[in-house]
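Enquirer: There's a structure below that I have some questions on.
The values are calculated or read from the model by the stated rules, or taken from the named source; none is laboratory data. Because the structure is a prediction, the values reported are computed rather than measured. Here the Cβ positions follow ideal geometry from the backbone for every residue, glycine too, while neighbour counts run over all protein chains shown. Heavy atoms of the whole protein, side chains included, go into the accessibility calculation; ligands, DNA and RNA do not. Shrake-Rupley method; radii C 1.70, N 1.55, O 1.52, S 1.80 Å.
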Amino acid sequence: SNGEGDFDCISVLMEHTQDVKMVVWHPINDLLVSFSYDDTMRVWKEDDDDWYSAATLTGHKSTVWGGAFSPDGKYLASVSDDRTVRVWSQSGSVDTEDGTEKGFYYRPDTDFKCVAVVPDSIHSRAIYSVSWTGAPEGAPASDLGYLATGCGDNTLRVFKVTSSSDPSAESPLEIKLVHEQHNAHGLSDINCVKWNPKHHGWLATCGDDNVVRVWHLDLE
């Protein structure tokens, strides 16, 4: 640092080929994810004071506007111009070389896969923002919390995420739409949504109408 309150740029990450729309830190590990106009997400990991691109996540068909980790860091949700929400996880849980649990840990040769998709039939325009809050106190272990999305169709949506009870199911997660607030910012796009980390059920949104709104949803 050059002094109190000053910042030094310690790394410049230039692997994306077009605009980068958002970045988010992993809630537990020293990992960074970026979301881009090039339709990809990149996972960055620090190694000896240098950051490298440890994984590239592809699957969205258009601009990836942003994303959010689940509170425990096991899953990553992403939203896109293609009107889908995708949830990602590591494709393997055990390192075949040493037999240890991987967790949500990134290496250059680590594979990731999309484990759940909210189809493009739910949102009618681009999804600009997503936020993930944990389950309420006392909820069963299968309850993985709630996703909120902000969309260009002027609608705020909330989805409940649970572990699938069917071991033969195609996806290990079930994502169910539980609330829609149409015209949450009048006729304007919703640009960002964010759950309050301390007060469960409190949600802030902002839109093209020059307004920030604070909502309370009963998620019990």
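Enquirer: Measure off 7 Å from each Cα along the Cα-to-Cβ vector at residue 19 and residue 121, then give the distance between these two points in nanometres to one decimal.
Expert: A separation of 3.1 nm, rounded to one decimal place.
Enquirer: Pick from 72, 82, 47: which residue has the top mean-square fluctuation in a GNM of the chain where Cα pairs under 10 Å get a spring?
Expert: Ranking 72, 82, 47 by mean-square fluctuation puts 47 first.
Enquirer: Label points 7 Å out from Cα along the Cβ direction at residue 46 and residue 61: separation in nm?
Expert: 3.9 nm
Enquirer: In nm, to one decimal, how far is the residue 7 label point from the residue 53 one, both placed 7 Å along Cα→Cβ?
Expert: Result for the modelled spin labels: 2.3 nm.
Enquirer: Let me ask you something else. Give me the extension gain from residue 169 to residue 30: residue separation times 0.36 nm, minus the current Cα-Cα distance, reported in nm with one decimal.
Expert: My answer for the length gained is 46.8 nm.
Enquirer: Taking the Cβ of residue 214 as the center, what net charge do the other residues with Cβ under 14 Å away carry, scoring Lys and Arg +1 and Asp and Glu -1?
Expert: In short, +3.
Enquirer: When the chain is fully extended, how far beyond the present Cα-Cα distance does residue 212 get from residue 37, taking 0.36 nm per residue of separation?
Expert: 60.4 nm
Enquirer: Only Cα pairs within less than 10 Å get springs; with that Gaussian network setup on the chain, which residue of 141, 126, 184 has the largest fluctuation?
Expert: Maximum fluctuation in the GNM of the chain, among the listed residues, is at 141.
Enquirer: Additional query: Cα-based Rg of the chain per 2.2 N^0.38 Å, rounded to two decimals?
Expert: This ratio for the chain stands at 1.05.
Enquirer: Below 10 angstrom from the Cβ of residue 61, what's the summed charge of the other residues (Lys, Arg +1; Asp, Glu -1)?
Expert: -3
Enquirer: Restricted to Cα positions, what overall size does the range 153-215 have along the principal axes? Three whole-Å values, descending.
Expert: Largest to smallest, the principal-axis extents are 47, 28, 15 Å.
Enquirer: Lys/Arg Cβ at +1, Asp/Glu Cβ at -1, dipole of the chain taken about the Cα centre: which of 60, 18, 215 is farthest positive-ward?
Expert: Farthest towards the positive pole: 215.
Enquirer: Counting only protein heavy atoms and using a 1.4 Å probe, what share of the accessible area of the chain belongs to carbon plus sulfur, as a whole percent?
Expert: Carbon with sulfur: 47 percent of the solvent-accessible area.
Enquirer: Assigning unit charges at the beta carbon (Lys, Arg +1; Asp, Glu -1) and nothing else, what dipole magnitude in debye, to the nearest 20, does the chain show about its Cα centre?
Expert: Dipole of the chain, to the nearest 20 debye: 920 debye.
Enquirer: Any idea how far the Cα center of the range 147-220 sits from the one of the range 1-67, in Å?
Expert: What the calculation gives is 24 Å, centre to centre.
Enquirer: Name the most mobile residue of 11, 78, 89, meaning the one with the largest mean-square fluctuation, in a Gaussian network model of the chain with Cα contacts below 10 Å.
Expert: Comparing 11, 78, 89 in a Gaussian network model of the chain, the most mobile one is 11.
Enquirer: Still on this model: Work through the residues other than residue 189 whose Cβ is under 13 Å from its Cβ and net out their charges, Lys, Arg +1 and Asp, Glu -1.
Expert: Local net charge: -3.
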